[in-house]
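**Q** Right, I'll just put the structure down here and ask away after.
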Amino acid sequence: MTNRAELTIRTRNAGVVLGALSPEMSERVPRTSVEVVAGDGEVTIRIEAEDLASLRAALNSYIRWADVAQETAEEARR
């Protein structure tokens, strides 16, 4: 059974967040598959994992990285 999570972040910095997450997508995370796409004012992160522990770890990492990118973009606007 594959475990899945999808998170959509609405942000005016979608391009920045996508750009910040792009290097992470090229790294192979054990037992997981990750897709990140940007749309009009949002970024969607889709994660599939072999087990719940891997899903949780990947989701927590991508949420942290997206948050850092978002906060950095907001600080740069000030």
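**Q** Residue by residue through segment 59-78, note down the ones that are free of Cβ contacts under 8 Å to residues at least 40 places away in the same chain and touching an Asp or Glu at 6+ places or on another chain (Cβ under 9 Å).
**A** From segment 59-78, those free of Cβ contacts under 8 Å to residues at least 40 places away in the same chain are 60-61, 64, 67, 71, 75-78; that's our starting set.
Of everything in segment 59-78, just one residue is free of Cβ contacts under 8 Å to residues at least 40 places away in the same chain and touching an Asp or Glu at 6+ places or on another chain (Cβ under 9 Å), namely SER61.
**Q** I'd like the full set of residues that are surrounded by 13 or more Cβ atoms within 10 Å (Cβ to Cβ) and under 15 Å from ASN3 (Cα atoms), limited to segment 57-74.
**A** Matches in segment 57-74: ALA57, ALA58, LEU59.
**Q** To continue, here is another question. Go through segment 41-56 residue by residue and tally those that are surrounded by fewer than 19 Cβ atoms within 10 Å (Cβ to Cβ) and under 29 Å from ALA76 (Cβ atoms).
**A** So in segment 41-56, the residues surrounded by fewer than 19 Cβ atoms within 10 Å (Cβ to Cβ) come out as 41-42, 44, 46, 48, 50-54, 56.
After this cut, where a residue has to be under 29 Å from ALA76 (Cβ atoms) as well, the list is 41-42, 44, 46.
Residues flagged as surrounded by fewer than 19 Cβ atoms within 10 Å (Cβ to Cβ) and under 29 Å from ALA76 (Cβ atoms) within segment 41-56 amount to 4.
**Q** Right, something else. May I ask you to say which residue of ARG77, ARG10, ARG28 is open to solvent by 50 Å² or more (accessible area, probe 1.4 Å) and at pLDDT 95 or above? Step through it out loud before you land on a result.
**A** Details: ARG77 fails: at pLDDT 95 or above; ARG28 fails: at pLDDT 95 or above.
Criteria check complete, one pass: ARG10.
**Q** From the list ALA20, ALA38, pick out the single residue that is in a helix (DSSP H, G or I), surrounded by 13 or more Cβ atoms within 10 Å (Cβ to Cβ) and at pLDDT below 95. Steps first, answer last, please.
**A** On the way: ALA38 fails: in a helix (DSSP H, G or I).
Matching residue, one of ALA20, ALA38: ALA20.
The values are calculated or read from the model by the stated rules, or taken from the named source; none is laboratory data. Given the structure is predicted, the values throughout are model-derived calculations rather than measurements. Heads up, the Cβs are rebuilt from the backbone with ideal geometry, glycines too, and the neighbour counts pull from every protein chain shown. Heavy atoms of the whole protein, side chains included, go into the accessibility calculation; ligands, DNA and RNA do not. Shrake-Rupley method; radii C 1.70, N 1.55, O 1.52, S 1.80 Å.
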